[in-house]
Amino acid sequence: MKTLTSPEGLRDRYQCWKRGEDRELFLKAAQLQGKRPGYWHEFAQAMLDPLCDLQSITGAGIVIAALAKREGQGMSFYHQVLVGDYWWLTFSSLWSARQDVRAAVKSGQYSKLRLQVRQVAVLVTVGLAVGFLSKSIWLESHEWDLFVSGKCYRTHDVSPYGFAWFWIAGLCFAEVTATAQLLSDSISGAFDEIDVAHRRFEGWKIMRCRECAGRALDVLKQTPTGGTCFTLVMNLLKVVVYACIVFLSFVSRQVLSFWALGPGTPAVKTLFYIAFFCWNTADLIAMRAMNAELLKDQGSWGFGQVLPVVLIASTIFMAVDAHDRVKAP
């Protein structure tokens, strides 16, 4: 008989938790078996949500300041690229903190209204960035003039024109799907079912791959004949085909996850966000260094520079609140 603390019950609850249906029950079961998460694990989880809110505000502030500057006094392509890189840094942070509304509501940590407000803030931030980045990419590609001041800068990024639109398309797709999920719980359930079906498909292909590999091993134990050699080759070919299908299916699921939508594999997603963060940071440093002699005094700060620095101070209050929440009985 399966119970909450039995191995079968824990496994079922964990599968539900992975689909974002019932995290609280899984945590309770783990606590009953003496497997309560450690202090730093709970502290990091408690910090993640408010940091997501902070990043959405920071990202919106950066883009709004850039929009006001570009439409008012004008802005060089160099500074528009910097704004885009700064926003992508905030985006990778808040996007990695994507949270299923239904799971958080069931856990009792936040009300549904609170989480919906968070999602709306993220959607507004992404929408503003899509508008700013789209116009910047189009202007830079169609109004480039080597003889006009403010339209030249040095960069090591040699990505093609269409590659930038690939990421913009991902943002737009994520914006539409997230809005649909926000308006209807049934749509969220449909996306969960699609992911479950995808995982089942991969599992079925892995099982078929193992079966063919087992048949090939059985053939090797027999006396070599023309028929057995043909059977061996066919089974080995099936193993290769099934393995390729599983690999491509896994890769496509990961790409879809960090491009626009989908849970993906947490370890792969984490590695991608780390690589994305490192790339944007290196790009920012390289651009500042390569264009230093071409720029005038860059010591003055605008709203877009001041806001993120000031908001850093609010992390102190977040850390204290997270500490109190974790230590509370």
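Every read-out reported here was derived from the displayed coordinates using simple, explicitly stated rules and does not represent laboratory data. What you see is a predicted model; the values in this text were computed from it and never measured. Backbone-built Cβ (ideal geometry, glycine too); neighbour counts: all protein chains shown.
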Quiz item: Which distance in nm do the two modelled labels at THR265 and HIS156 give, with both placed 7 Å along the Cα-to-Cβ direction?
Solution: 2.9
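On full extension of the chain, what length is gained from ILE312 through VAL255, given 0.36 nm per residue of separation minus the C-alpha to C-alpha distance?
Residue separation times 0.36 nm, minus the Cα-Cα distance, leaves 17.4 nm.
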Self-check item: Theoretical gain in end-to-end length, LYS327 to ILE206 [0.36 nm per residue, Cα-Cα removed]
Solution: 39.2 nm
Self-check item: Net length gained if the chain between VAL241 and GLU293 were fully extended (0.36 nm per residue, minus Cα distance)
Solution: 13.2 nm
